[in-house]
Amino acid sequence: MPSRRRYRYRFRRLIPVGVAVVLAAIAGLWFGARRATAPAAAAPAPKQVVTAVRVQLAAPERLVVGTPLLQGRLRRPLLAASAILVDATTGRVLWQLHPHERRHVASTTKIMTALLALRTLAPDDVVTVDRSVPRVPLVREGLRAGERVPAWKLFYSLLLYSGNDDALALAIAAAGDKWTFVREMNAEAHVLGLDDTHFSTPSGVVDADNYSSAWDLAALTRVAMRNPRFRRIVHTRIEHVSWAPPTYAKVYVNNNLMLTRYPGATGVKTGYTHKSGWCLVASATRGKVSLIAVVLDSGNMYADATRLLNLGFAARS
């Protein structure tokens, strides 16, 4: 009997221990199951390796380059205040006189006007003449407000007859208004690296704040002559043009007399105002040699241009 009591006593003392063991086992199983089903910790993201890619932008083309190869070979001075002779194919300077001197350039401004307008207007695009166009000063071909004219006719008058009304009509047609077009002219001058140039008009008739240099005009002409439409127009001596009534017909005679006086002449543009004096951008080709001569404020622009072109062709023959 005492032994049975001791057994029951020991059993009662062991019950809490057993319960604790069972509870511990259950807890272990529960935590194990939770750990097994828990998502694995995300591995640390690999470090992104950023490779710097150096993009090398193409440098702007140098349209006129080098020191003059033929300097000192003219036997007597030119009459021009500023001048340059370049190889039209390479842009190589052959001869120069104050090439970066900023000067009024009159209607040689229209080289830039034509270059930009030709990019926007197709030959058969119809231009409605703005009411401001007939009011431009000085040389006009006589465009009438509201008149509808194919663009190609305006280009011939712009570059042969040098109509200031044509310049304004094309500027408005190409850009919407005159001042937007003038801003585009200056933006293009910046892109082409024409650091001596600023435009304030599409015609050049107003000299205030409108200037360039012999160097820049030679560079601009190299670009313009790459356009076949420009090249064809400035090489034209005379153009007969039909017109709507009451005008019926017009005849545009090229002001650039080099086309009739100089063998191989191919263009480009004359200009004159009281401030600029006589200006000429002349181009010519003989065989595989093409040259551009620019003379500004010259007492005899044709004689000066002829001497420069002769110098270049003699050296390159």
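Could you grab me the full set of residues in the range 207-237 that are surrounded by fewer than 22 Cβ atoms within 10 Å (Cβ to Cβ), hydrophobic (A, V, I, L, M, F, W, C) and under 16 Å from Arg62 (Cβ atoms)?
Scanning the range 207-237 gives a single hit, Val223.
Please enumerate the residues belonging to the range 140-158 that are charged (D, E, K, R), in contact (Cβ under 8 Å) with a residue 60 or more places away in the chain and either surrounded by 21 or more Cβ atoms within 10 Å (Cβ to Cβ) or touching a Gly at 6+ places or on another chain (Cβ under 7 Å) (or both).
Of everything in the range 140-158, just one residue is charged (D, E, K, R), in contact (Cβ under 8 Å) with a residue 60 or more places away in the chain and either surrounded by 21 or more Cβ atoms within 10 Å (Cβ to Cβ) or touching a Gly at 6+ places or on another chain (Cβ under 7 Å) (or both), namely Glu141.
Could you please find all residues in the range 272-314 being under 28 Å from the mean Cα position of the chain (by Cα) and β-branched (Val, Ile, Thr)?
The answer is Thr273, Val281, Thr285, Val289, Ile292, Val294, Val295.
Taking Leu121, is it hydrophobic (A, V, I, L, M, F, W, C), within 27 Å of His274 (Cβ to Cβ) and within 21 Å of the chain's Cα centre (by Cα)?
Values: hydrophobic (A, V, I, L, M, F, W, C): yes; within 27 Å of His274 (Cβ to Cβ): no; within 21 Å of the chain's Cα centre (by Cα): yes.
Considered against the rule, which asks whether it is hydrophobic (A, V, I, L, M, F, W, C), within 27 Å of His274 (Cβ to Cβ) and within 21 Å of the chain's Cα centre (by Cα), Leu121 comes out as no.
Being touching a strand residue (DSSP E or B) at 6+ places or on another chain (Cβ under 8 Å) and either part of a loop (DSSP other than H, G, I, E, B) or at negative phi (or both): is that true of Phe230 here?
Values: touching a strand residue (DSSP E or B) at 6+ places or on another chain (Cβ under 8 Å): no; either part of a loop (DSSP other than H, G, I, E, B) or at negative phi (or both): yes.
Here the answer is no, as Phe230 does not meet what is asked.
Evaluate the range 132-145: report whether one residue or more is of a type outside the set (Asp, Glu), within 22 Å of the chain's Cα centre (by Cα) and outside any helix (DSSP H, G or I).
Here is the first cut: in the range 132-145, the residues of a type outside the set (Asp, Glu) are 132-140, 142-145.
Filter again for within 22 Å of the chain's Cα centre (by Cα), leaving none.
Scanning the range 132-145, I find no residue that is of a type outside the set (Asp, Glu), within 22 Å of the chain's Cα centre (by Cα) and outside any helix (DSSP H, G or I), so the answer is no.
Pairs only if they're at least six apart or on different chains, beta carbon under 7 angstrom, first in the range 198-220 and within 13 Å of Pro137 (Cβ to Cβ), second polar (S, T, N, Q) and assigned to a loop (DSSP other than H, G, I, E, B); list them, first residue then second.
Hits for this filter: Thr201/Asn210; Gly204/Asn210; Val206/Ser200; Asp207/Ser276; Ala208/Ser200.
Can you tell me which of (1) among the charged types (D, E, K, R); (2) surrounded by 20 or more Cβ atoms within 10 Å (Cβ to Cβ); (3) outside any strand (DSSP E or B) is the one Lys269 doesn't meet?
Among (1) among the charged types (D, E, K, R); (2) surrounded by 20 or more Cβ atoms within 10 Å (Cβ to Cβ); (3) outside any strand (DSSP E or B), the lone unmet condition for Lys269 is (3).
Hey, could you check the range 248-263 for residues that are within 22 Å of Arg316 (Cβ to Cβ), in contact (Cβ under 8 Å) with a residue 24 or more places away in the chain and not charged (D, E, K, R) and say which is surrounded by the most Cβ atoms within 10 Å (Cβ to Cβ)? Let's see the steps before the verdict.
Here is the first cut: in the range 248-263, the residues within 22 Å of Arg316 (Cβ to Cβ) are 258-259, 261-263.
Next cut, in contact (Cβ under 8 Å) with a residue 24 or more places away in the chain only: 258-259, 261-262.
Remaining after also requiring not charged (D, E, K, R): 258-259, 262.
Values: Met258: 24, Leu259: 20, Tyr262: 18.
Taking the candidates together, the pick is Met258.
Which pairs turn up if I take residues in the range 159-181 that are closer than 19 Å to Glu239 by Cα and look for partners that are among the basic types (Lys, Arg) and surrounded by 24 or more Cβ atoms within 10 Å (Cβ to Cβ) with beta carbon separation below 7 Å, at least 6 apart in sequence or on another chain?
Leu159/Lys110; Leu159/Lys269; Ser162/Lys110; Ala167/Lys110
Kindly indicate whether any position in the range 212-223 is more than 19 Å from Ala187 (Cα to Cα) and of a type in the set (D, E, K, R).
The answer is no, given that none of the residues of the range 212-223 is more than 19 Å from Ala187 (Cα to Cα) and of a type in the set (D, E, K, R).
Would you mind finding the one in Val205, Val191, Val182, Val223 that is modelled with pLDDT under 95 and not basic (Lys, Arg)?
Numbers: Val191 fails: modelled with pLDDT under 95; Val182 fails: modelled with pLDDT under 95; Val223 fails: modelled with pLDDT under 95.
Testing whether each residue is modelled with pLDDT under 95 and not basic (Lys, Arg) leaves just Val205.
Would you say Asn310 is assigned to a loop (DSSP other than H, G, I, E, B) and modelled with pLDDT of 95 or more? Walk me through how you get there before you give the answer.
Details: assigned to a loop (DSSP other than H, G, I, E, B): no; modelled with pLDDT of 95 or more: yes.
It is false that Asn310 is assigned to a loop (DSSP other than H, G, I, E, B) and modelled with pLDDT of 95 or more.
Give the residue, chosen from Tyr211, Tyr248, Tyr262, that is aromatic (Phe, Trp, Tyr) and in contact with a helix residue (DSSP H, G or I) (Cβ under 9 Å, 6 or more places away or on another chain). Lay out the reasoning, then the answer.
Details: Tyr211 fails: in contact with a helix residue (DSSP H, G or I) (Cβ under 9 Å, 6 or more places away or on another chain); Tyr248 fails: in contact with a helix residue (DSSP H, G or I) (Cβ under 9 Å, 6 or more places away or on another chain).
Exactly one residue qualifies, and that residue is Tyr262.
Rundown of residues vs (1) part of a helix (DSSP H, G or I); (2) under 20 Å from the mean Cα position of the chain (by Cα); (3) surrounded by 22 or more Cβ atoms within 10 Å (Cβ to Cβ), yes/no style:
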| residue | (1), (2), (3) |
| --- | --- |
| Ala171 | yes, yes, yes |
| Val182 | yes, yes, no |
| Gly193 | no, yes, no |
| Thr201 | no, yes, yes |
| Gly204 | no, yes, yes |
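The values are calculated or read from the model by the stated rules, or taken from the named source; none is laboratory data. None of the values given here were measured: they were computed from a predicted structure. We place every Cβ from the backbone using ideal geometry, glycine too, and count neighbours over all the protein chains shown.
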